[in-house]
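Q: Sharing a structure, written as structure tokens. Questions coming.
The values are calculated or read from the model by the stated rules, or taken from the named source; none is laboratory data. These numbers were taken from a predicted model, which means no experiment stands behind them. Note that we place each Cβ from the backbone using ideal geometry, even for glycine, and neighbour counts take in every protein chain shown.
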Amino acid sequence: MAQYNPYDNFLKVLDDAAKAIGMKEEDYALIKYPERELKVSVPVRMDDGKIRVFEGYRVQHSTSRGPCKGGIRYHQDVNVDEVKALAAWMSFKCAVVNIPYGGAKGAIKVNPSTLSKGELERLTRRYTAMIFPIIGPEKDIPAPDVGTNAQVMDWIMDTYSMTSGYTVHGVVTGKSLEVGGSLGRPEATGRGIMIVTLKMLEKNNLAPKDVRISIQGMGNVGATAAKLLYEKGCKIVAVSDVSGGLYNADGLDIPKIYAFVKSKNLLKDYKDKDAEHVDNKGVLTCPCDILIPAALENQITADIARDVKCKMVIEAANGPTTVDADKILAERNITVLPDILSNAGGVVVSYCEWVQNLQSLTWDENDVNNTLYKVMSRAFDDVYNIAKEHKLSYRLAAYAVAIERICTAKKKRGLFP
Ligand code: GLU
């Protein structure tokens, strides 16, 4: 079997969507290529005194609609094709929700849980210094992603500021509140998932209490989505983390599980007679109405797609469904709400944070959440309407909206020189 390449996945969907709305190759050819790819070798003095060199990247896919925007991932399996795909998905995501950004992504090939706090800080600061020439509040604004958090963002902000000679809050989003972070940012992606899920239910004349949901991934996104959807009355029947999953056909005790994972516990150690332990596949293929993959790419493969028992997939992770799997889901009449729409809540509130930083303002949480709601529902309606008008899947419709917006911006700006 050919090795899974997420960038090929991106290109395939791009072609399909462009064709579906009658675009010629030459009209969108430029967005097939990232504008800039930077690879850095990051030396770090480890606690034992030895020096280790880590592989790092920052890929900038597009600046047509504004400065680049996108997270930084720390994961032992990252490679350049994955970072390229994640960067392109960011351009598309920002275009779908219509915020004035292009897309980028960064990564370091490391398992952060194997480093001490000091090692992690030195790695982050040295990486920041090495990508310094291409980032900045007007150029490219990083944010958290898998394996990074507010503390890592605070170090990036401080390193950039120390190097610049003054404090630059707007260089990175997802920071701690005390150093220019925004209220509502940690929950934003999960809250966005809740918003689009409720919109989908409304379109299908379903009430939250009528649906059973299974969520793969109890990181920040999955755990917040589980908590908020549970509070809205949905039945969460299955959840998982890297160690395994839990299942109860009548619904799990989410507040208890949420508190358990927030205290840095693994689900394999969770004890409750009302929660049956299942494996990762058990969570993906259990009987439910909505499946929410909230972990990594390439989780719903063709094999899994043949086995899922849901009616709808809402993608909280980036790129969780392979192209082959997507086809099988469509044949089985399973609706997919694509990542570039459903998980955009994080970058929307990153935008709110950046706007606050640039204006030296602090918004209250209601203002942030109201903006998030407004932007997500507008994007949902835009995609929904295009899907209905052109009889497209939501994925192709979301790509179509994004391609159209990015290419129009490119065309109006013209080609330099
Ligand atoms: N890493 C998140 C994403 O994939 C957030 C990016 C951002 O806030 O810039 O959407």
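Q: Among Lys199, Lys209, Lys175, which is within 16 Å of the ligand (Cβ to nearest atom), closer than 27 Å to Leu341 by Cα, charged (D, E, K, R) and not in a strand (DSSP E or B)? Before you say what the answer is, go through the steps one by one.
A: On the way: Lys199 fails: within 16 Å of the ligand (Cβ to nearest atom); Lys209 fails: within 16 Å of the ligand (Cβ to nearest atom).
The match here is Lys175.
Q: Tell me, please, whether a residue that is crowded, with 19+ Cβ neighbours inside 10 Å and either at positive phi or modelled with pLDDT under 95 (or both) can be found in segment 327-337.
A: Checked against the condition, which is being crowded, with 19+ Cβ neighbours inside 10 Å and either at positive phi or modelled with pLDDT under 95 (or both), segment 327-337 yields no hits at all.
Q: Can you name the residue in segment 58-87 that is of a type in the set (A, V, I, L, M) and more than 17 Å from Ile403 (Cβ to Cβ) and is also farthest from the ligand (Cβ to nearest atom) among such residues? Spell out how you get there, then give the answer.
A: Going residue by residue through segment 58-87, those that are of a type in the set (A, V, I, L, M) are 59, 72, 78, 80, 83, 85-87.
Going one step further and asking which of them are more than 17 Å from Ile403 (Cβ to Cβ), we end up with 59, 72, 78, 80, 83, 86.
Values: Val59: 13, Ile72: 8, Val78: 13, Val80: 17, Val83: 12, Leu86: 7 Å.
Checking each candidate, the answer is Val80.
Q: Hey, any hits in segment 18-29 for a residue that's under 21 Å from the mean Cα position of the chain (by Cα) and crowded, with 19+ Cβ neighbours inside 10 Å?
A: Just the residues of segment 18-29 that are under 21 Å from the mean Cα position of the chain (by Cα), to begin with: none.
The answer is no; no qualifying residue exists.
Q: Still on this model: Kindly list, by first and then second residue, each pair from a residue in segment 322-342 that is touching a residue at least 12 places away in the same chain (Cβ under 8 Å) to a residue that is surrounded by fewer than 18 Cβ atoms within 10 Å (Cβ to Cβ) and assigned to a helix (DSSP H, G or I), limited to pairs with Cβ atoms under 7 Å and residues at least 6 apart or on different chains.
A: Thr322/Ala302; Val323/Lys12; Asp324/Ala302; Ala325/Ala302; Ile328/Ala302; Ile328/Arg306
Q: Moving on. State whether one or more residues within segment 381-401 are farther than 28 Å from Ile21 by Cβ and β-branched (Val, Ile, Thr).
A: First, pick out the residues of segment 381-401 that are farther than 28 Å from Ile21 by Cβ: none.
Within segment 381-401 (the criterion being farther than 28 Å from Ile21 by Cβ and β-branched (Val, Ile, Thr)), the answer is no, since none of the residues qualifies.
Q: Restricting attention to segment 218-244, which residues are assigned to a loop (DSSP other than H, G, I, E, B), touching a Leu at 6+ places or on another chain (Cβ under 8 Å) and buried (at least 23 other Cβ atoms within 10 Å of the Cβ)?
A: We begin by selecting, within segment 218-244, every residue assigned to a loop (DSSP other than H, G, I, E, B); these are 218-219, 232-234, 242-243.
Now drop any that are not touching a Leu at 6+ places or on another chain (Cβ under 8 Å), which leaves 218, 232, 242-243.
Answer for segment 218-244, where residues must be assigned to a loop (DSSP other than H, G, I, E, B), touching a Leu at 6+ places or on another chain (Cβ under 8 Å) and buried (at least 23 other Cβ atoms within 10 Å of the Cβ): just Met218.
Q: Here is a further query. So, Ile193, is that one within 21 Å of Lys311 (Cβ to Cβ) and either in a strand (DSSP E or B) or of a type in the set (Lys, Arg) (or both) or not?
A: Values: within 21 Å of Lys311 (Cβ to Cβ): yes; either in a strand (DSSP E or B) or of a type in the set (Lys, Arg) (or both): no.
The answer is no for Ile193.
Q: Something else: Quick one: is Leu115 buried (at least 24 other Cβ atoms within 10 Å of the Cβ) and either within 12 Å of the ligand (Cβ to nearest atom) or under 15 Å from Val42 (Cα atoms) (or both)? Explain how you work it out, then say what you get.
A: Values: buried (at least 24 other Cβ atoms within 10 Å of the Cβ): no; either within 12 Å of the ligand (Cβ to nearest atom) or under 15 Å from Val42 (Cα atoms) (or both): yes.
For Leu115, the condition - buried (at least 24 other Cβ atoms within 10 Å of the Cβ) and either within 12 Å of the ligand (Cβ to nearest atom) or under 15 Å from Val42 (Cα atoms) (or both) - is not met.
Q: Still on this structure: Among the listed residues Ile141, Ile156, Ile72, identify the single one that is buried (at least 24 other Cβ atoms within 10 Å of the Cβ), under 21 Å from the mean Cα position of the chain (by Cα) and under 20 Å from Val221 (Cα atoms). Full working, then the answer.
A: Details: Ile141 fails: under 20 Å from Val221 (Cα atoms); Ile156 fails: under 20 Å from Val221 (Cα atoms).
The conditions single out Ile72.
Q: Would you kindly identify the helices (runs of 4 or more DSSP H) lying entirely within segment 289-388 that contain at least 2 residues that are closer than 24 Å to Asp210 by Cα, within 16 Å of the ligand (Cβ to nearest atom) and under 18 Å from the mean Cα position of the chain (by Cα)? It would help to see each step written out before you state the result.
A: Working: elements: 302-307, 323-331, 339-342, 345-359.
Result: 339-342.
Q: Give me a count of the residues in segment 88-104 that are near the ligand (Cβ under 10 Å from one of its atoms), of a type outside the set (Lys, Arg) and part of a helix (DSSP H, G or I).
A: Here the count works out to 3.
Q: Which residue is nearest to the ligand (Cβ to nearest atom), if the candidates are limited to segment 30-57 and must be buried (at least 21 other Cβ atoms within 10 Å of the Cβ) and in a strand (DSSP E or B)? Spell out how you get there, then give the answer.
A: Of all residues in segment 30-57, those buried (at least 21 other Cβ atoms within 10 Å of the Cβ) come to 31, 34, 42, 44, 56-57.
Filter once more, so that each one left must be in a strand (DSSP E or B): 42, 44, 56-57.
Details: Val42: 20, Val44: 23, Gly56: 16, Tyr57: 14 Å.
Out of the qualifying residues, it is Tyr57.
Q: Now a separate question. Out of Met130, Met153, Met157, report the one residue that is in a helix (DSSP H, G or I), within 12 Å of the ligand (Cβ to nearest atom) and under 21 Å from Tyr74 (Cβ atoms). Break it down into steps so the answer makes sense when it comes.
A: Working: Met130 fails: within 12 Å of the ligand (Cβ to nearest atom); Met157 fails: within 12 Å of the ligand (Cβ to nearest atom).
Of Met130, Met153, Met157, the one residue that is in a helix (DSSP H, G or I), within 12 Å of the ligand (Cβ to nearest atom) and under 21 Å from Tyr74 (Cβ atoms) is Met153.
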